[in-house]
Amino acid sequence: MWMVFSLLAALSAAIVVTLSKIGLKNVDPVLAFAVQAVLILLVSWGVVTWQGKLPDVSSIPRRDLLFLVAAGVVTCLSSLCSFQALKLGAASRAGVLDKVSLVFVVILAVVFLKEKLNWQLVLGALLMVGGAVLIALSQKAANN
């Protein structure tokens, strides 16, 4: 089931990049991110409330909360950088190069989470980097 959710997340991310690129045409990237962030805030807390999990917030262990807050800060930085890249470059190139994060996930998972590497994981990561670099360095699209 995790694969289904991962693929849905990938599809959603692709749609976000496409819609954001269109929305950034005449809007500053920071302002555009702020608009989306407000909606993300409202929807996410709305779902928490709808599912009746609002009382559970107080039971989140302090250590876990610190990691979640740190991840939230980094998420904001990531989104701000992504919006700037989308504003300046073609979505097909900026959005793909952004996905080199998958390789960083593998590296960080091995170093910090002690996950094990195998040849398929290494080969897949190398292919992802190669593909992303190839796309990023491809000829400029006609409209950026």
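For Ser92, the requirement of being under 17 Å from the mean Cα position of the chain (by Cα), modelled with pLDDT under 90 and in a helix (DSSP H, G or I) is met. Restricting attention to region 12-29, the residues being within 17 Å of Ser82 (Cβ to Cβ), surrounded by fewer than 12 Cβ atoms within 10 Å (Cβ to Cβ) and not charged (D, E, K, R) number 3. Of the residues Leu117, Leu121, Leu97, the single one that is outside the structural domain of Ser12 (by TED's automatic domain parsing), touching a helix residue (DSSP H, G or I) at 6+ places or on another chain (Cβ under 7 Å), assigned to a loop (DSSP other than H, G, I, E, B) and not hydroxyl-bearing (Ser, Thr, Tyr) is Leu117.
Yes or no, residue by residue, for (1) outside any helix (DSSP H, G or I); (2) over 25 Å from Leu102 (Cβ atoms); (3) of a type in the set (A, V, I, L, M, F, W, C):
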site	(1), (2), (3)
Phe5	no, no, yes
Ser12	no, no, no
Thr18	no, no, no
Lys21	no, no, no
Phe33	no, no, yes
Leu39	no, yes, yes
Val74	no, no, yes
Leu77	no, no, yes
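The values are calculated or read from the model by the stated rules, or taken from the named source; none is laboratory data. Being a predicted model, the structure only gives us computed values, none of them experimental. So basically every Cβ, Gly included, is an ideal-geometry build from the backbone, and we count neighbours across all protein chains shown.
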